[in-house]
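Derivation of every value follows stated rules applied to the coordinates shown; laboratory data play no part. What you see is a predicted model; the values in this text were computed from it and never measured. Backbone-built Cβ (ideal geometry, glycine too); neighbour counts: all protein chains shown.
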């Protein structure tokens, strides 16, 4: 059990002061082994993998950690069931394996088992139940094959109508014949996962520098600009790795992607009876697609998700479209006793998936076909070397960030450090900061809400100075922690990514003064 405790060889706290020191050190000695561009889950994972192998590693992100796609996920740690159903057995196994590592070793404090309930209505409940049950059974076979204990993720099964209504009280009772219950993993917060990965990388010696942009890059060098001071640093690198997701083409125009937009709605959890399960509803006309509800922090529930091509210019923050909102509402309303309407939607969010296009995507007959619906494109990842020598990590998904990172650093070793024998990746054995055994989380002497967010670090976060609290029960200590330990440089960092209070406009307004006060207490001038 001791190996699950998330401790690092060096200090892991990120702060404005540490950022300044490490920028100065980089300017004084601008030769590094690996330069990682992009501060999402994949980029942070690459930084951790490289630094833990002893490489001098610098990660730069032009905005903030988890600013892009990594904070707009469904917050699920997928076990690969959908990929198994479409014949992508390798991807399904990879997903189940990485879910196992996250939930049992890497981040048990940031993950939890989530029940997924498909309500069954007459007529047609018997064949529908058999079909869904068979799918869940296949997924459970994968769960057992990779060794995830039943105490972490239970076996699927049929439940009666009374149990379905108890677990999901908002469903329509007329014609209800029961439900099928499966299990998957859920993140407490995807942005918190990214920050934890980045801090762990820093704890293994990586420099994690936000608000630093790579204004040019080739395979062995880059010019970096500090967005705060405007100063530039010419860096020499053994390898330059782009983990910029859908924006990979900006650094390497040879990378061909077909971005897909996944949209979610945000509603008050009380509108769904306060359910702590995922209500899973088949999409009309599809045998494999579902809309699901996802319990979330701050008394919110997310409803998602779409999977549509995102054509045209790439926005920094994608927006939901009215047709997507209508589709999600229409689908989930087929099983609700009191349908949701547009006024129930208190916020929306959307993320762009960097799906592979063309020959690089070939991972089965459904991948890489021009004109295909993006829901049919492979989620396989690839490491591509462009004409300039930059290595781009593309494709994949949040669940498999660690494997993507391992493959990327292996590619660096093969192509850039062939004369040096690097150790194999050890990240499957490295717990993230705050990690603590799942069955011992109750030992941590802090409120359960803080333990879910900070794990073993919860008592330290709770001990910080007090002050004005933010909305939704977020304490002054949490705001202070986001600045002093998690590297928030301005109010948006604090509200949008460290606490997620910025997702709902009214929560943001109610929290702005408390966030500003937290910077003052921390002695940091926000950008």
Express in nm, to one decimal, how much length is gained between residue 232 and residue 7 on full extension, taking 0.36 nm for each residue of separation and deducting their alpha carbon distance.
-> 77.6 nm
Using alpha-carbon positions, what is the distance between the centroids of region 204-248 and region 418-441, in Å?
-> 25
Give me the number: length gained by fully extending residue 342 to residue 144, i.e. 0.36 nm times residue separation minus the C-alpha to C-alpha distance, one decimal in nm.
-> 67.1 nm
Once both axes come from the Cα atoms, what is the angle between helix 89-101 and the longest principal axis of the chain, in degrees from 0 to 90, rounded to 10?
-> 70
Give the calculated FRET efficiency between residue 174 and residue 322 to the nearest 0.05, with a Förster radius of 30 Å applied to their Cβ-Cβ distance.
-> 0.50
Helix 505-522 vs. the chain, principal-axis angle (Cα, 0 to 90°, nearest 10) | 30
Using a cut-off of under 20 Å, list every residue of region 153-174 whose amide N is near the label point 7 Å from the Cα of residue 333 along the Cα-to-beta-carbon line.
-> 169-174
Among bridges DSSP assigns within the chain, what percent are antiparallel (round to 5)?
-> 75
To the nearest 500 deg cm²/dmol, what mean residue ellipticity at 222 nm is calculated for the chain from DSSP H runs of n ≥ 4 alone, each contributing -39,500 (n - 2.57), summed and divided by the residues?
-> -9000 deg cm²/dmol
Mean projection area, nm², convex hull over Cα of region 37-101 | 5.5
Measuring from the lowest to the highest alpha carbon on each principal axis, how far does region 464-522 reach, largest first, in angstroms?
-> 26, 19, 15
quick shape note, the chain: Cα extents on principal axes in Å, largest first -> 72, 56, 46
Could you tell me the distance between the Cα centroids of region 376-417 and region 89-109, to the nearest Å?
-> 18
If you take the beta carbon distance between residue 166 and residue 268 as r and set R0 to 22 Å, what does 1/(1 + (r/R0)^6) give as a FRET efficiency, to the nearest 0.05?
-> 0.60
When Rg is the radius of gyration of the Cα atoms in region 1-152 and Rh is its Kirkwood radius, what does Rg/Rh come to?
-> 1.10
Contour minus Cα-Cα distance for residue 460 and residue 223 (0.36 nm per residue) = 81.5 nm
Report, to the nearest 10°, how far helix 125-145 tilts away from the longest principal axis of the Cα atoms in the chain, using its own Cα long axis and a range of 0 to 90°.
-> 30
Against the rule of thumb 2.2 N^0.38 Å, how large the Cα Rg of region 261-351 comes out | 1.06
So how far, in whole Å, is the C-alpha centre of region 23-44 from the one of region 289-307?
-> 35
Between the modelled labels at residue 20 and residue 158 (7 Å from Cα along Cα→Cβ) the distance in nm is 6.7
